[in-house]
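Heads up, the thing below is written out as structure tokens.
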Ligand SMILES: *Cc1c(COP(=O)(O)O)cnc(C)c1O
């Protein structure tokens, strides 16, 4: 893809986001675009950087480590989000590489992140992932434990929580999940919501998303399917 083609795709998504903001009577640019580059290599990502995109999402620490340190030398102001599950033995690498970790979902991880963020001194931002569909195989804190968990992260571990994140079940209508996430964020006193992907980001914007995570609508179809 050329930088011009990447720019066209970005402009198209931004135009759809702006229309969704208008429909919801939210201000223009009320949500930010996280370009999900998982499975795409540095050469596929570079045109999007050349076209001005700076916020990217990856779901695996190891894959991101191969791709982003070099791209960061070319484009130092990249904001990288971890949107996949984080194992406690990868916390050090994750804090080193990512600016935002969206998948905080258990106490052990809160404790390890608190230690590592303090040791490293890097102001990594955190989202709590909520398993809004209460799916067994999916990561995320259960909705009924969400507010207490956010408080625990803040009070016991001194973590600064920016917002909530969810991945609705593929077989469900996403809107009720987005609405639930919005309600939980209000109860927890958080102002940011990471929700909505290629197929449903407009609905997410209608329901209050401040970050949407878009992969295939920008980069094209992925070869492998990625387990969550
Ligand atoms: C892959 C992925 C996305 C992007 O999905 P698309 O349907 O390609 O836009 C968003 N969020 C998470 C957590 C993902 O793993």
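Any read-out appearing in this document is the output of simple, stated calculations on the displayed coordinates, not a laboratory observation. Not measured: the values here are computed from a predicted model. For neighbour counting, all protein chains shown are included, and Cβ atoms are generated from backbone atoms with ideal geometry for every residue, glycine included.
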_Quick check on the stretch 96-109: of everything there that is under 15 Å from residue 153 (Cβ atoms) and out of contact with any strand residue (DSSP E or B) (no Cβ under 6 Å at 6 or more places or on another chain), which residue is surrounded by the fewest Cβ atoms within 10 Å (Cβ to Cβ)?_
108
_Tell me the residue from 24, 20 that is more than 14 Å from the ligand (Cβ to nearest atom) and surrounded by 19 or more Cβ atoms within 10 Å (Cβ to Cβ), please._
20
*Please enumerate the residues belonging to the stretch 1-31 that are touching a strand residue (DSSP E or B) at 6+ places or on another chain (Cβ under 8 Å) and in a helix (DSSP H, G or I).*
10, 13, 14, 17
*Considering the stretch 46-75 alone, what residues qualify as being within 17 Å of residue 222 (Cβ to Cβ) and in contact with a strand residue (DSSP E or B) (Cβ under 9 Å, 6 or more places away or on another chain)?*
48, 56, 57, 58, 59, 60, 64, 67
*Quick check, is residue 79 surrounded by 22 or more Cβ atoms within 10 Å (Cβ to Cβ), within 18 Å of the chain's Cα centre (by Cα) and within 25 Å of residue 13 (Cα to Cα)?*
no
*Close pairs (6 angstrom Cβ cut-off, 6 or more residues apart or separate chains): farther than 18 Å from residue 140 by Cβ in the stretch 79-92, in a loop (DSSP other than H, G, I, E, B) anywhere*: 79/54; 79/99; 80/98; 80/99
*Got a number for residues in the stretch 50-60 being over 13 Å from residue 100 (Cβ atoms) and surrounded by fewer than 21 Cβ atoms within 10 Å (Cβ to Cβ)?*
4
